[in-house]
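Before any comments, here is the structure.
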Amino acid sequence: MRTLFGDDWRFQRGDDPAARPVRLPHDAMIGEPRSAAAATGNHGGYFPGNSYRYTRSWTVPDDAATHRYRLWFEGVYGETTVTVDGAPVARNSSGYRAFAADLPDLPPGSSAAIEVFVDNTKAPNGRWYTGAGIYRRLWLERLPRGARLADDGIRFVTRELGDAATVDVEILIEGSTEHAVARIELQAEGVPVASLELPVVDGRATGSLTVPSPRPWSAEHPFLYTADVALRSGERVLDERTLRTGLRTIEVDPARGLRVNGEPVLLRGACVHHDNGVLGAVSLPDAEFRRVRVLKQSGFNAVRASHNPPSPAFLDACDELGLYVLDELTDVWFRHKTPHDLADRFDEIWPEDARAMIAEDRNRPSVIMYSIGNEVAETATSEGVEAARKVNAFVHDLDRTRPTTLAVNLLLNMMAARGSSPFDGEHYTGEGDAKPAKKEKPTSSAANAVTAKLGTIMQVASRLPAADKASRDAFATVDVAGYNYAFGRYKGDRRRYPDRVMLGSESMPGDLPAIWREVERVPGVIGDFMWTGWDYLGEAGIGSWSYGDEPGGINKPYPALLAGCGAIDITGQPGAPALLAQAVWGLLDAPAITVRPLDRLGARINRTPWRSTDAVPSWSWAGLEGTAEIEVYSADDEVEVLLNGRSLGRKRPGDARLARFRVRYEPGELVAVGYRGGVETGRSALRSAQRPRLALRAESTGIEGGDGLAFVWIELADEAGVVESTAADTVTVRVEGAGELAGLGSAATATVESFVDAEHSTHRGRLLAIVRGFGEAGTVRVHAHSARHGDAELTLTTTGAAPAAPGTQEGSLQR
């Protein structure tokens, strides 16, 4: 049995003796003061490193004589030591790995002091915003003292799908199991559909489960079964576990590509980092489900967990809502990318990281592939190729049911083969701390021009024979070759390597029209993952455009905070890259309109390749004038645009799926109409706001469960809900009742404001407030006050904490 263990903790930062109450999960870094001199620099969004202490007391339950207890951490970022009454019980260095801390045997009713010390002072230790502290959920587990189901001891593999499904079952047991049996019951929507009882021999029970009239799991139809697994001795239940599962098979080969349940699938993929925007790195189910829901609504059917295993809550959402997952082990092997990453301890850490990743993923239907590394350019060397073989063999020994890949940047590999690396300046010598962030200064026009063409440079370089030579041996170690920014190789490599399966593991969003033509035409190419589907904290400015004399390049100075390259921004608003993707994939019901910001017209643009446009879906630009540049995304033969009923003409989107129009701006209604064969297929419209005021709009009317969240939009909008893009204001938020403000912020890529404060400035007329329930039934009142647009208020209901339940292990029955 497991229960959440996130309440009643106290938290201290660094040398500060003051402790304050905190609820887990909790990101300790998001509340740190940012500055240009902060140790994480551009990588981590200019947050400093620090150390943290979490403490609470625990009363030993009355059943401690018959059961033992432990803590299960889904993830803690930083060098972690767990102590009970001052004695260490667990240590962990890998920030994305789940780990256990066994609690000592103590008399029932006694009190124990638990402390979790997290050292994240050495920074940067990652190439993006990592967060710090106990940022994923923490559970208290009650375990039997005798025989029990092993942690990674329930294994299902679907061998056949048809009129009936055949599922191979393996149950692993810890402890003495004389005369024990394992019983498995599978339920569909609460109705038992199959069961099996197996004897335990030498700590193992194996057999096959037949499931009549199976309902296969896929991204389009994510049906989940419930599997109850019990370890019994006679009439006595020794241990039990419940899983949410799915039936599905996975096959991949160069002739027929990727097949899920026997049907061909092309991966419409989004790369995503692990943070949750204004919440920082905190992983809560409602935030993860929302992110997956928005990604799926935007047309994606797959995500790449970049560049580390995601939280269990994120995978729960992918299982339940239906997204294929490419799970990735690590961004770093044995060569440093940042001064304080774990490259020096790669050999020590990676096996346990791989075990933990596969233990979490083994039974999940959403996880269809493992990546053993991202842009580890040492794979251009013999030492790196040997490491790739070793890691790949280890992963396959643990799980032979899924293919593996390696995400290779061919330009970086080519550089590594010649003895150079773009990360050379980040190498850590072990002496002293990282260099302080560089002083802010504008980037030269020449450097900006090179940056803008970086995507083209990578494509040209990837086609060179030297790039092939630097990558072919590494690709030969895995099942699927992952190409980062190298789609131009697909056709030629299909001829050179007819047995190779290829995947666009990372690509520029603006290249998608050209990429998808190759995906559809070249056999053996199974899909593409754009960088990125959802914007993220850190790598500040890699995808954000700047203007005039503002600093350019892809490494923006403070106060840059966000990467700025997401098809969906950190608040959950899809932008032009998401609309382009839907047009390319044929998923738009009507043409989608975006407009280049009128307040930036005439300014010199400092572009980056990770964003092909700065256009936004708005026709509300009060007080501005000039020639508006309109971008319409569509898969139609022709698109017509009308402004206040006047036609601006028709244009063909063509293979680029983009039609451009120019007209002098005037408020009113802008309409786009699509035509195929001369017949209208659909239309969409943007309107100008009329007298915007402060308004609150909640995505749901209530907060469910003890850790439930409500997402509340704060908008400067008119009565029809049209947001004014030029409206700017400072808004103060107050939350009363059975909840608290968990985060407040906007999608602005650069800001000096904090997401943990109750006051924040709008960006393009919007803010997002996230409210977290206290775990008690009641109401939550959200008040917002603005300096110039009035006040607003709304009320939410809360259901309270969900009752404690037997520990569940999310999973799947899959091949």
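The values are calculated or read from the model by the stated rules, or taken from the named source; none is laboratory data. Keep in mind the model is a prediction, meaning the values are calculated, not measured. Backbone-built Cβ (ideal geometry, glycine too); neighbour counts: all protein chains shown. Just so you know, the surface numbers come from the protein's heavy atoms only, side chains and all, with ligands and any DNA or RNA stripped out. Shrake-Rupley method; radii C 1.70, N 1.55, O 1.52, S 1.80 Å.
Could you tell me which of the residues Arg244, Arg290 is part of a helix (DSSP H, G or I) and closer than 28 Å to Tyr77 by Cβ?
Just a single option satisfies the conditions, and that option is Arg290.
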Just give me the residues in the stretch 311-340 being among the small types (Gly, Ala, Ser) and either assigned to a strand (DSSP E or B) or on the phi > 0 side of the Ramachandran plot (or both), in sequence order. Gly322
Over the stretch 1-38, the set of residues more than 25 Å from Glu753 (Cα to Cα) and assigned to a loop (DSSP other than H, G, I, E, B) is Met1, Phe5, Gly6, Asp7, Asp8, Pro17
Check whether at least one residue in the stretch 698-717 is at pLDDT 95 or above and at positive phi, and report yes or no. no
State all residues of the stretch 312-328 that are in contact (Cβ under 8 Å) with a residue 40 or more places away in the chain, over 16 Å from Trp128 (Cα atoms), open to solvent by less than 20 Å² (accessible area, probe 1.4 Å) and touching a helix residue (DSSP H, G or I) at 6+ places or on another chain (Cβ under 9 Å); if no residue qualifies, say none. Pro312, Ala313, Phe314, Leu315, Cys318, Gly322, Leu323, Tyr324, Val325, Asp327
Quick check on the stretch 137-161: of everything there that is closer than 19 Å to Arg244 by Cβ and charged (D, E, K, R), which residue is surrounded by the most Cβ atoms within 10 Å (Cβ to Cβ)? Arg137
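Looking at Ile358, Ile372 in this structure, which one is within 23 Å of the chain's Cα centre (by Cα), of a type in the set (Val, Ile, Thr) and part of a helix (DSSP H, G or I)?
Exactly one residue qualifies, and that residue is Ile358.
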Residues being open to solvent by less than 10 Å² (accessible area, probe 1.4 Å), in a strand (DSSP E or B) and within 17 Å of Gly31 (Cα to Cα): count how many of those fall in the stretch 734-761. 4
List pairs: first residue in the stretch 259-278 and open to solvent by 10 Å² or more (accessible area, probe 1.4 Å), second residue assigned to a strand (DSSP E or B) and among the charged types (D, E, K, R) anywhere in the structure, Cβ distance under 7 angstrom, at least six positions apart or on different chains. Arg259/Glu251; Asn261/Arg248; Val265/Arg259
Val116 aliphatic (A, V, I, L, M), open to solvent by less than 10 Å² (accessible area, probe 1.4 Å) and either more than 21 Å from Arg244 (Cβ to Cβ) or assigned to a loop (DSSP other than H, G, I, E, B) (or both): yes
Residues to consider are Gly44, Gly86; find the one that is surrounded by fewer than 18 Cβ atoms within 10 Å (Cβ to Cβ) and of a type outside the set (Ser, Thr, Tyr). Gly86
Taking Ser620 and the conditions (1) assigned to a loop (DSSP other than H, G, I, E, B); (2) in contact (Cβ under 8 Å) with a residue 24 or more places away in the chain; (3) surrounded by fewer than 20 Cβ atoms within 10 Å (Cβ to Cβ), which numbered condition does it fall short on, given that it satisfies the others? (3)
Could you look through the stretch 777-794, keep only residues that are touching a residue at least 40 places away in the same chain (Cβ under 8 Å) and open to solvent by 70 Å² or more (accessible area, probe 1.4 Å), and pick out the one that is farthest from Leu709 (Cα to Cα)? Arg788
Consider the stretch 221-241. How many of its residues are in a strand (DSSP E or B) and open to solvent by less than 40 Å² (accessible area, probe 1.4 Å)? 11
Based on what the data block shows, is Ile554 under 23 Å from the mean Cα position of the chain (by Cα), among the hydrophobic types (A, V, I, L, M, F, W, C) and either open to solvent by 20 Å² or more (accessible area, probe 1.4 Å) or over 14 Å from Pro509 (Cα atoms) (or both)? yes
